[in-house]
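Novice: First the structure, which I've put down as structure tokens, then a few questions once you've had a look.
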Amino acid sequence: MTSLTRRTGTSRLKHVLLAAALLSLSACAVLGKTDVYRDSNMDFGSLRTVAVLPFTNLTKEQQANDRVRDVFTSELMATGGIYVVPAGEVARGIVAAGAGSPSTPTSEEAMKICKNVKADALFTGTLREYGEIRSGTASANAIVLSVQLMEGQTGRVVWSADTTQGGIGLKDRLLGGGGQPLNIVTQKAVNDLIKKLFE
Amino acid sequence: MTSSRSFSNKMRLVLVAALCMLLLGCLHAPGAQTAPAAPVAEVVTLRVAVYPIDNLSGVPAPVNELRKEWIVKLKELGLEVVSDAEMERVFVKHRIRYTGGVDTATAQAFRKDVEADAILVTSLESISDLPPKLSMMSRLVSTEEKPRIFWMNSATLAGDDAPGLLGLGLVTDFKVVQEKVLRRLASSLRLYLEDDPRQCSFGSFESKFEPKTIARPTPAGQEKRTSIAVVPFYNESFRKSGGMLLQLHFVNQLACYAKVDVVEPGLVREKMLSIRMVMREGISTRDVDVMSYILESDYVLSGTVFDYQDTSGGGGTPKVDFNALLADKINRKLVFASKSYNQGDDGVFFYDVGLYKNVAVMTEKMTGNVVNEMRLGERKTKSDRPSY
């Protein structure tokens, strides 16, 4: 009788542990997907030409948004899959569309801009962190960027993702050195976003 | 006895070695004197108007003195230089104020009024006294109906470029640096005048200056001969005239390709002013259309400069960051796009080996790599100068 109770207790414990493990795994799975939104009805393969609007700059670094936008444009074009409208043409399209806030257009404005520059969709973005961050004596470069894709026909957001790259790691805390150069960190962040777009 | 003899022998060897090293240091020092340039063997009777130096350095500079020294070097090559009085007369008569390039009207004025075959346009990129530093770009532009670039080159030197052992190679006298820079430009012009095949050898392409991203969104046309107009780059850097400097660096590189006709920057400026073109954040498709039409060029090269940062007072690290976009006239799309960024200390790990202290040298190498990636054919080995 005692052994039966003990066996039941052990099997219960096993069940609880298994359930906990499953829960933690599923939690991880959900966490891994939360930074990407993808419209399941959108045919991303139909996108041939896109425009990249100026990014919103929430950092204290002047022109950081333009620098990141330029890297994003170059890397996107370098994939060979999408043609990116030059920044000068986008600026002309924004003026012609009369967009009040070029970095955060409304659906109507997004449609107008796409029509003006003959693009299938447009990217908007927000730069939340760019530059050196400090913690105690350690410092490193970091970037936090989120990007959205708005479809040209309807002005809907069909894809959205964010990324965080750089920051102070164990190596920086122990050995110092200031982390990786900002250009490298930016390129990594942009490549991470592009990977999320194409996967 | 034996030990004292061997000691003195060793001492002698050490002294000889030190002397040799000292001599070597002096040999590579920027201040090392070289023989004055002899006139070109087959003297080309080019009558040249030497424009006042266009100061793009952002700081006050003794441009008149520089120009005088430059004219001395040109005369040594056997060139006939238009006198200052004659040039002043043309400037006043035709109300010419811009000396950074040659447009159609200016070229015609110099041809008709003073019978000049070419105009030498010189731009001052950077200048400083401590440490002495000088960077200049010069180009010889024809006075034909549509002015074209015969020759172009740049020369840059700083007194602390090659400090050598114990700083023996440091140069503190600006005049020495100036002499060396002008002599380099004169030597390059001499190679051109003599039709030397080495006239466009810029040295090897260093991999660290290659563009970080390259895209070829649409296939480029396979023309036998290509004409490219380079517009001033959109300047987002803190350096005044950063966009114009990048434009000149690209023109300098492109002018060395055998199958490329680069439109003279003065002509580009003239047309941009005539159609009142304002570029917002770079060139648009409409701008490409208009520019390529009025300049009769197949491609338009533009871009944005984000950083053009030089060292100041011998400290700091130069930094250059830009993108380049080549747009095609026919399909009105980009055929080439690249992104380049470098710092002077890129790839430097031990004792400053490979350290660059000069933004002009870095930009020359970076633009050279970008143009090389455009696949425009072979570099020039013969000049396209018509015989006068």
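The values are calculated or read from the model by the stated rules, or taken from the named source; none is laboratory data. What you see is a predicted model; the values in this text were computed from it and never measured. Cβ atoms come from the backbone with ideal geometry, glycine included; neighbour counts cover every protein chain shown.
Novice: Could you list all residues from the range B:221-248 that are within 14 Å of another protein chain (Cβ to nearest Cβ) and closer than 21 Å to residue A:84 by Cα?
Specialist: B:231, B:233, B:234, B:235, B:236
Novice: Do you know which of the residues in the range B:267-281 that are out of contact with any strand residue (DSSP E or B) (no Cβ under 7 Å at 6 or more places or on another chain) and more than 14 Å from chain A (Cβ to nearest Cβ) is surrounded by the fewest Cβ atoms within 10 Å (Cβ to Cβ)?
Specialist: Step one: filter the range B:267-281 for residues out of contact with any strand residue (DSSP E or B) (no Cβ under 7 Å at 6 or more places or on another chain), giving B:267, B:269-278, B:280.
Going one step further and asking which of them are more than 14 Å from chain A (Cβ to nearest Cβ), we end up with B:267, B:269-271, B:273-276.
Values: B:267: 24, B:269: 19, B:270: 20, B:271: 20, B:273: 11, B:274: 10, B:275: 11, B:276: 6.
The extreme case among them is B:276.
Novice: Which numbered condition trips up residue B:127, out of (1) at pLDDT 85 or above; (2) among the aliphatic types (A, V, I, L, M); (3) surrounded by fewer than 18 Cβ atoms within 10 Å (Cβ to Cβ)?
Specialist: (3)
Novice: With respect to residue A:80, determine if the residue is within 14 Å of chain B (Cβ to nearest Cβ) and not hydroxyl-bearing (Ser, Thr, Tyr).
Specialist: Values: within 14 Å of chain B (Cβ to nearest Cβ): yes; not hydroxyl-bearing (Ser, Thr, Tyr): yes.
Here the answer is yes, as residue A:80 does meet what is asked.
Novice: Within the range B:333-345, take every residue that is outside any strand (DSSP E or B) and more than 9 Å from every other protein chain (Cβ to nearest Cβ) and give me the one that is nearest to residue B:306 (Cα to Cα).
Specialist: Going residue by residue through the range B:333-345, those that are outside any strand (DSSP E or B) are B:333, B:344-345.
Next cut, more than 9 Å from every other protein chain (Cβ to nearest Cβ) only: B:344-345.
Working: B:344: 16, B:345: 18 Å.
Filtering the range B:333-345 for residues that are outside any strand (DSSP E or B) and more than 9 Å from every other protein chain (Cβ to nearest Cβ), the one nearest to residue B:306 (Cα to Cα) comes out as B:344.
Novice: Kindly indicate whether any position in the range B:282-299 is part of a strand (DSSP E or B), among the β-branched types (Val, Ile, Thr), crowded, with 22+ Cβ neighbours inside 10 Å and in contact with a Ser or Thr (Cβ under 9 Å, 6 or more places away or on another chain).
Specialist: Of the range B:282-299, the ones part of a strand (DSSP E or B) are B:299.
Then keep just the ones that are among the β-branched types (Val, Ile, Thr); that gives none.
So far as the range B:282-299 goes, no, none of its residues is part of a strand (DSSP E or B), among the β-branched types (Val, Ile, Thr), crowded, with 22+ Cβ neighbours inside 10 Å and in contact with a Ser or Thr (Cβ under 9 Å, 6 or more places away or on another chain).
Novice: If you don't mind, another one. So which of B:360, B:327 is assigned to a strand (DSSP E or B), in contact with a strand residue (DSSP E or B) (Cβ under 7 Å, 6 or more places away or on another chain) and either of a type in the set (A, V, I, L, M) or modelled with pLDDT of 95 or more (or both)? Can you show your working first?
Specialist: Values: B:360 fails: assigned to a strand (DSSP E or B).
Unique residue meeting the criteria: B:327.
Novice: For the range B:92-130, name all the residues that are basic (Lys, Arg) and under 20 Å from residue B:67 (Cα atoms).
Specialist: Filtering the range B:92-130 for residues basic (Lys, Arg) gives B:93, B:95, B:97, B:111-112.
Matches in the range B:92-130: B:97 only.
Novice: While we're looking at this one, here's another question. Could you check, for the range B:178-192, whether at least one of its residues is among the β-branched types (Val, Ile, Thr) and over 15 Å from the mean Cα position of the chain (by Cα)? Talk me through it step by step, then tell me what you get.
Specialist: First pass over the range B:178-192, keeping only residues among the β-branched types (Val, Ile, Thr): B:181.
Checking the rest, the ones that are also over 15 Å from the mean Cα position of the chain (by Cα) come to none.
No: zero hits.
Novice: Go through the range B:230-263 residue by residue and tally those that are among the hydrophobic types (A, V, I, L, M, F, W, C), out of contact with any Cys (no Cβ under 6 Å at 6 or more places or on another chain) and not in a helix (DSSP H, G or I). Steps first, answer last, please.
Specialist: The initial filter retains those residues of the range B:230-263 that are among the hydrophobic types (A, V, I, L, M, F, W, C), namely B:230-231, B:233, B:238, B:244-246, B:248, B:250-251, B:254-256, B:258, B:260, B:262-263.
Next, from what is left, pick out any that are out of contact with any Cys (no Cβ under 6 Å at 6 or more places or on another chain): B:230-231, B:233, B:238, B:244-246, B:248, B:250-251, B:254-255, B:258, B:260, B:262-263.
From what is left, the residues that are not in a helix (DSSP H, G or I) are B:230-231, B:233, B:238, B:255, B:258, B:260, B:262-263.
Result for the range B:230-263: 9.
Novice: Spot the failing condition for residue A:121; the list is (1) closer than 24 Å to residue B:288 by Cα; (2) within 14 Å of chain B (Cβ to nearest Cβ); (3) in contact with a Leu (Cβ under 8 Å, 6 or more places away or on another chain), and only one is missed.
Specialist: All conditions are met except number (2).
Novice: While we're looking at this one, here's another question. Of the conditions (1) over 25 Å from residue B:213 (Cα atoms); (2) at pLDDT below 95; (3) β-branched (Val, Ile, Thr), residue A:184 clears all except one; give me its number.
Specialist: (1)
Novice: Restricting the range B:309-332 to residues that are in contact with a Leu (Cβ under 7 Å, 6 or more places away or on another chain) and within 19 Å of residue B:283 (Cβ to Cβ), which is nearest to the other protein chains (Cβ to nearest Cβ)?
Specialist: Selected residue: B:325.
Novice: So which of A:142, A:161, A:119 ends up being in a loop (DSSP other than H, G, I, E, B) and either in the same structural domain as residue A:40 (by TED's automatic domain parsing) or surrounded by 20 or more Cβ atoms within 10 Å (Cβ to Cβ) (or both)? It would help to see each step written out before you state the result.
Specialist: Working: A:142 fails: in a loop (DSSP other than H, G, I, E, B); A:161 fails: in a loop (DSSP other than H, G, I, E, B).
One residue alone meets the criteria, A:119.
Novice: In the range A:49-77, which residues are within 7 Å of chain B (Cβ to nearest Cβ) and touching a helix residue (DSSP H, G or I) at 6+ places or on another chain (Cβ under 9 Å)? Show your work before the answer.
Specialist: Filtering the range A:49-77 for residues within 7 Å of chain B (Cβ to nearest Cβ) gives A:63, A:66-67, A:70-71, A:74-75, A:77.
A:66, A:67, A:70, A:71, A:74, A:75, listed by residue number.
Novice: Mind listing just one residue for me: the one in the range B:102-116 that is part of a loop (DSSP other than H, G, I, E, B) and within 22 Å of the chain's Cα centre (by Cα) and, of those, surrounded by the fewest Cβ atoms within 10 Å (Cβ to Cβ)? Explain how you work it out, then say what you get.
Specialist: Looking only at the range B:102-116, we keep the residues that are part of a loop (DSSP other than H, G, I, E, B), and these are B:102-103, B:115-116.
From what is left, the residues that are within 22 Å of the chain's Cα centre (by Cα) are B:102-103.
Values: B:102: 30, B:103: 22.
Only one residue tops the list, namely B:103.
Novice: Still on this model: Within the bounds of the range A:86-103, is there any residue that is closer than 17 Å to residue B:283 by Cα, part of a loop (DSSP other than H, G, I, E, B) and either of a type in the set (Gly, Ala, Ser) or within 13 Å of chain B (Cβ to nearest Cβ) (or both)? If you could, list the steps in order and put the result at the bottom.
Specialist: Narrowing the range A:86-103 to residues closer than 17 Å to residue B:283 by Cα: A:86-96.
Retained after the next criterion (residues that are part of a loop (DSSP other than H, G, I, E, B)): A:86.
Subsequent filtering for residues that are either of a type in the set (Gly, Ala, Ser) or within 13 Å of chain B (Cβ to nearest Cβ) (or both) retains A:86.
Yes, some residue in the range A:86-103 is closer than 17 Å to residue B:283 by Cα, part of a loop (DSSP other than H, G, I, E, B) and either of a type in the set (Gly, Ala, Ser) or within 13 Å of chain B (Cβ to nearest Cβ) (or both).
Novice: Going through the range B:155-175 one residue at a time, which ones are part of a helix (DSSP H, G or I) and buried (at least 18 other Cβ atoms within 10 Å of the Cβ)?
Specialist: Initially, the range B:155-175 is screened for residues part of a helix (DSSP H, G or I), giving B:165-167, B:174-175.
Matches in the range B:155-175: B:174 only.
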